[in-house]
Structures are given as structure tokens and as C-alpha cells.
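**Student:** Quick one: the structure is below, and I'll ask about it shortly.
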Amino acid sequence: QLVESGGDLVQPGGSLRLSCEVSGLVFADYDMGWYHQAPGEYREFVASISRDGTPTVTNLVEGRFTISRDNAKNTVYLQMNSLKPEDTGVYYCSARRFFTYWGQGTQVTVSS
């Protein structure tokens, strides 16, 4: 089970930290990711972090978003800074090894 939290309404330029707590899986065995789905759009990749802790972020958020993981807490984080209105949408956490598991998503709204 993957449970996201931390979504909120925030003004442009603000920050949020999303969390995804994992249960029922051996967290350390999974590559973890974050995806964004804007209203009316397809789900798209935002960031991932491998089992060995190597992060990857899409060019659209590089320098603004940071992904990290805490294997002791079975949790992956997405630190989001300098938020823009186009960052609005539902953010989904994923856990990938042989299969990909998804959370239910958390809503982020960036608006003044």
C-alpha cells in the first residue's frame, strides 16, 4: 500500500513537501517515483529515486523539486520549491520492481 500526503493549496513561489509511506512491500527493494497529472492531461513522470538512492528529475522541475527516500521510515519524499500554477494537479507515488504499484494521489493546487 502506498499512501501519499502533503498536498495543499499554495501560492505561486511557495513550497510543499509530499510524502509517500509504503507498507506491505520491502521498501528498500523498490525504485520509487513521483508522477503528476494535471487536470485533463495524462499522468507524467516527475522524479524517481533508485534503490541505491540515485535521483532523477525531469527537466521541467530540475532545480525546483528534489526527491529523497528514507528506508528506515519506508517513505519517499518530494520537496517542491518555487511552485508554479502549472504544477497544479494530482501527484502520485509509484513503487517499481517487477510490477509497478501506485498510490491514490494527493492534490496540489498552486494559485493566488
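**Student:** Quick check on my filter: what residues within region 49-75 are of a type in the set (S, T, N, Q) and in contact (Cβ under 8 Å) with a residue 40 or more places away in the chain? Walk me through it before giving the result.
**Tutor:** Start the filter on region 49-75 by keeping residues that are of a type in the set (S, T, N, Q), which leaves 50, 54, 56, 58-59, 66, 68, 71, 74-75.
Asn71, Asn74, Thr75, listed by residue number.
**Student:** Same structure, new question: Residues in region 65-97 that are outside any strand (DSSP E or B) and not aliphatic (A, V, I, L, M): how many? Let's see the steps before the verdict.
**Tutor:** The initial filter retains those residues of region 65-97 that are outside any strand (DSSP E or B), namely 71-74, 81-88, 97.
After this cut, where a residue has to be not aliphatic (A, V, I, L, M) as well, the list is 71, 73-74, 81-82, 84-88, 97.
Residues meeting the conditions: 11.
**Student:** If you go through region 42-62, how many residues are under 21 Å from Thr88 (Cβ atoms), at pLDDT 95 or above and surrounded by fewer than 14 Cβ atoms within 10 Å (Cβ to Cβ)?
**Tutor:** Of the residues in that region, 2 qualify.
**Student:** Let me ask something additional. Search region 85-112 for residues being of a type in the set (Val, Ile, Thr) and touching a residue at least 40 places away in the same chain (Cβ under 8 Å), and hand back the single one that is nearest to Ser23 (Cα to Cα). Let's see the steps before the verdict.
**Tutor:** Step one: list which residues in region 85-112 are of a type in the set (Val, Ile, Thr), which gives 88, 90, 100, 106, 108-110.
Next, from what is left, pick out any that are touching a residue at least 40 places away in the same chain (Cβ under 8 Å): 88, 90, 106, 108-110.
On the way: Thr88: 27, Val90: 21, Thr106: 17, Val108: 23, Thr109: 27, Val110: 29 Å.
Per the stated criteria, the residue is Thr106.
**Student:** Does region 11-19 contain at least one residue that is in contact (Cβ under 8 Å) with a residue 24 or more places away in the chain and surrounded by 18 or more Cβ atoms within 10 Å (Cβ to Cβ)?
**Tutor:** Restricting attention to region 11-19, the residues satisfying the condition of being in contact (Cβ under 8 Å) with a residue 24 or more places away in the chain are 11-19.
Of the ones still in play, those that are also surrounded by 18 or more Cβ atoms within 10 Å (Cβ to Cβ) are 16, 18.
Yes, there is a match, as at least one residue in region 11-19 is in contact (Cβ under 8 Å) with a residue 24 or more places away in the chain and surrounded by 18 or more Cβ atoms within 10 Å (Cβ to Cβ).
The values are calculated or read from the model by the stated rules, or taken from the named source; none is laboratory data. Not measured: the values here are computed from a predicted model. Neighbour counts are summed over all protein chains in view; Cβ atoms, including those assigned to glycine, are modelled from backbone coordinates with ideal geometry.
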